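Engineer: Could you have a look at this structure, given as structure tokens, before my questions?
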Amino acid sequence: MTKFTEVKASTYDEMSREAAKIIFDDLKAKKDTVLGLATGSTPEGMYDALSTMINEADLDLSEVTTFNLDEYVGLDEDNDQSYHYFMDKNLFSKIDVPKENIHILNGVADNIEKEVKEYEALIDEKGIDIQVLGIGRNGHIAFNEPGTSFDSLTHRVQLTDETIEDNARFFEKKEDVPTEALSMGLATIMKAKKIILLISGANKQEARDLFVSGEVSEDVPVSILHNHPNVILLTDSEARGE
Ligand code: GLP
């Protein structure tokens, strides 16, 4: 098992600032950094802190490229529950990454097969320098649910009932939550040079403990990260049960 680094923050805000600082330093060191980005409530604070740091330093992002992990099938970018919308609201409306350098899977593509293949090929061409990850209660990363092959590339997925229920809080009713998504695969995520995993809140303590226990199994998608040489885990005290 690889030894990952755990940054033990006390509060959510502190965890968010620490994560933002890691990305900010990478952006400063390499003008053409390729960022892998995540959605969910966990990274919101980090995006907030990161956009403030970038704007205060007047950092040039004209050569930065981004790839998002996933998107719901059937929601277009104007839908306020889509991950396109989330990213625009939480990050891209606040900083100046050229629009043509922003890549998010198209959940309403006519040809889904082509969409996922081309996305994977583009990731291979550009290479991701630093990938941000949150985690689902069942240990999923992106939308790779338990049982997903460690060899998986960008693909179409069926969401589990647990994930649909967890994400229903963002929708008017559970029936509105899409049942399918497009997602980078686990092998796609592993291609990133560096990975930062954010785990916050008491409801994620079990998932955090599962990861930290070190057991590697396809039943726990996040456990694949033990096979990666450069993982930073950032937690707040609630996620550690302290
Ligand atoms: C969704 C996303 C994941 C995210 C997870 C947890 O399933 N596809 O990338 O990590 O939700 O989200 P939250 O941070 O809101 O708990």
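The values are calculated or read from the model by the stated rules, or taken from the named source; none is laboratory data. The shown structure was predicted, so the numbers you read here are calculated from the model rather than taken from an experiment. Cβ placement follows ideal geometry from the backbone for every residue including glycine, while neighbour counts extend to all protein chains displayed. The accessibility values were calculated without ligands, DNA or RNA, using every heavy atom of the protein model including side chains. Shrake-Rupley method; radii C 1.70, N 1.55, O 1.52, S 1.80 Å.
Engineer: Could you tell me whether any residue of the stretch 24-31 is open to solvent by 50 Å² or more (accessible area, probe 1.4 Å), under 26 Å from E172 (Cβ atoms) and at pLDDT 95 or above?
Structural biologist: No, the stretch 24-31 contains no residue that is open to solvent by 50 Å² or more (accessible area, probe 1.4 Å), under 26 Å from E172 (Cβ atoms) and at pLDDT 95 or above.
Engineer: Still on this structure, please answer the following. Find all pairs meeting these conditions: Cβ atoms under 7 angstrom apart; at least six residues apart or on different chains; first residue within the stretch 223-241 and of a type in the set (S, T, Y); second residue assigned to a strand (DSSP E or B).
Structural biologist: As it stands, the answer is T235/E6; T235/K8; T235/I199, since those pairs meet every condition given.
Engineer: Residues L50, L61, L37, L69: which one is modelled with pLDDT of 95 or more, crowded, with 21+ Cβ neighbours inside 10 Å and away from the ligand (no atom under 15 Å from the Cβ)?
Structural biologist: Selected residue: L50, the only one of L50, L61, L37, L69 that is modelled with pLDDT of 95 or more, crowded, with 21+ Cβ neighbours inside 10 Å and away from the ligand (no atom under 15 Å from the Cβ).
Engineer: With the stretch 132-235 as the region, which strands (runs of 3 or more DSSP E) entirely inside it contain at least 3 residues that are on the phi < 0 side of the Ramachandran plot, open to solvent by less than 60 Å² (accessible area, probe 1.4 Å) and away from the ligand (no atom under 13 Å from the Cβ)?
Structural biologist: Hits in the stretch 132-235: 231-235.
Engineer: Answer with yes or no whether E238 is closer than 30 Å to F24 by Cβ, within 13 Å of the ligand (Cβ to nearest atom), open to solvent by 10 Å² or more (accessible area, probe 1.4 Å) and outside any strand (DSSP E or B).
Structural biologist: So E238 fits the description; yes.
Engineer: Quick one: is E113 without any contact (Cβ under 8 Å) to a residue 12 or more places away in the chain and in contact with a Lys or Arg (Cβ under 9 Å, 6 or more places away or on another chain)?
Structural biologist: When the stated conditions are applied, E113 passes them.
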